[in-house]
1. How about the stretch 79-97: which of its residues are over 24 Å from residue 36 (Cα atoms) and part of a helix (DSSP H, G or I)?
2. Please indicate, with yes or no, whether at least one residue in the stretch 216-231 is buried (at least 24 other Cβ atoms within 10 Å of the Cβ), closer than 22 Å to residue 24 by Cα and in contact with a helix residue (DSSP H, G or I) (Cβ under 6 Å, 6 or more places away or on another chain).
3. Scan the stretch 224-233 and tell me whether some residue there is closer than 24 Å to residue 371 by Cα, assigned to a helix (DSSP H, G or I) and at pLDDT 85 or above.
4. Name every residue in the stretch 287-306 that is out of contact with any helix residue (DSSP H, G or I) (no Cβ under 6 Å at 6 or more places or on another chain) and either assigned to a helix (DSSP H, G or I) or farther than 23 Å from residue 86 by Cα (or both), in order of residue number.
5. If we keep just the residues of the stretch 182-196 that are within 22 Å of residue 137 (Cβ to Cβ) and either more than 23 Å from the chain's Cα centre (by Cα) or without any contact (Cβ under 8 Å) to a residue 40 or more places away in the chain (or both), which is surrounded by the fewest Cβ atoms within 10 Å (Cβ to Cβ)?
6. Among the residues that make up the stretch 163-174, is at least one of them without any contact (Cβ under 8 Å) to a residue 40 or more places away in the chain and either under 21 Å from the mean Cα position of the chain (by Cα) or assigned to a helix (DSSP H, G or I) (or both)?
7. Out of all the residues in the stretch 20-41, is one or more assigned to a helix (DSSP H, G or I), closer than 22 Å to residue 118 by Cα, in contact with a helix residue (DSSP H, G or I) (Cβ under 9 Å, 6 or more places away or on another chain) and free of Cβ contacts under 8 Å to residues at least 24 places away in the same chain?
8. Which one of 100, 120, 83 is at pLDDT below 95, in contact with a helix residue (DSSP H, G or I) (Cβ under 9 Å, 6 or more places away or on another chain) and within 28 Å of residue 332 (Cα to Cα)?
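The values are calculated or read from the model by the stated rules, or taken from the named source; none is laboratory data. This one's a predicted model, so the numbers in the text were calculated from it and none came from an experiment. Every residue, glycine among them, receives a Cβ derived from its backbone with ideal geometry; neighbour counts consider all protein chains shown.
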């Protein structure tokens, strides 16, 4: 017989059940969702401690989980150094919670990356059901509740857009995994429903990004033939055109809002989205340049106020000093300096490397690109909901993706196993 030490399956089933339960609850903003992530990460940590050699045998798979943990610890360290009980306390609390979520993601991810159980068949149906539930609820809010912008159960439509993006990427990839000649048709229909849901959030970044990452995911998927890629590309163009036509009122509304913002910006008028983002970028970079190794939120606020006093056109940034500067890199640079930016970029690059080289995982690639792109106009790692949903999406994409490195490792281990 072949003797081989592996972790007990009970750990894996408990962890992945926790991930599924968590993504279902976080998606609909049920308060228990974040607690489930933390409990699941405790189980993952115990599994790691008892099977440390097993989970660290593939060195290339340690980089991404390690960077998640390091970035999370860096957030906690920064909060502990600078936190004060003043008007900035909510900012510190937000980064403290997302720091813990990043650490939890890292511990769970190291288990998922080394998983050998055939867990995909159990997860794929759940993700398809989740996608249908999210899109169904989004349509309900739009058609029956007459919501101006779909928010799911959140207070911001942008957060709903990010969550719908992550959930639907998982759903669409799961549809591609179905061994059926009609899987591309299922994918196309799923894309149509998903895109309509995102349009109704009226979030410009999501409307632009989601079709692109969906096409890339389909193109890089191993389950699609070259002929299907051409057919689907044409189908997506048609679906986008039809969606844009039937929902032109919603799209035109957002385009007009963008034009008004640009007009106000060129006319030196305040209180517009584009002008505020430009102002935040300028003051964030200027403040970061003065404190290359980080500073407190209070100090940043004082410096931004001083800059706005000297340059009135930067006053649009003032309301955001107690929140964030609407750009992941600039916000990191303005608060944590060079080391904060380097850690964030290292995480992004390692995720791309994992998706393109070590796992060849189209779903992980799509989720990573979506997270990076959204981070250009918002700070996802400030929002506990966004941090949790993208962390869970990455974990689940690893479980349903093409784990090329694991297959190579299995082949090597067969040669090393001892026959007793």
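1. 80, 81, 82, 89
2. Checked the stretch 216-231: no residue is buried (at least 24 other Cβ atoms within 10 Å of the Cβ), closer than 22 Å to residue 24 by Cα and in contact with a helix residue (DSSP H, G or I) (Cβ under 6 Å, 6 or more places away or on another chain).
3. Within the stretch 224-233, not a single residue is closer than 24 Å to residue 371 by Cα, assigned to a helix (DSSP H, G or I) and at pLDDT 85 or above.
4. 289, 290, 298, 299, 301, 302, 305, 306
5. 189
6. no
7. yes
8. Sole residue among the options that is at pLDDT below 95, in contact with a helix residue (DSSP H, G or I) (Cβ under 9 Å, 6 or more places away or on another chain) and within 28 Å of residue 332 (Cα to Cα): 83.
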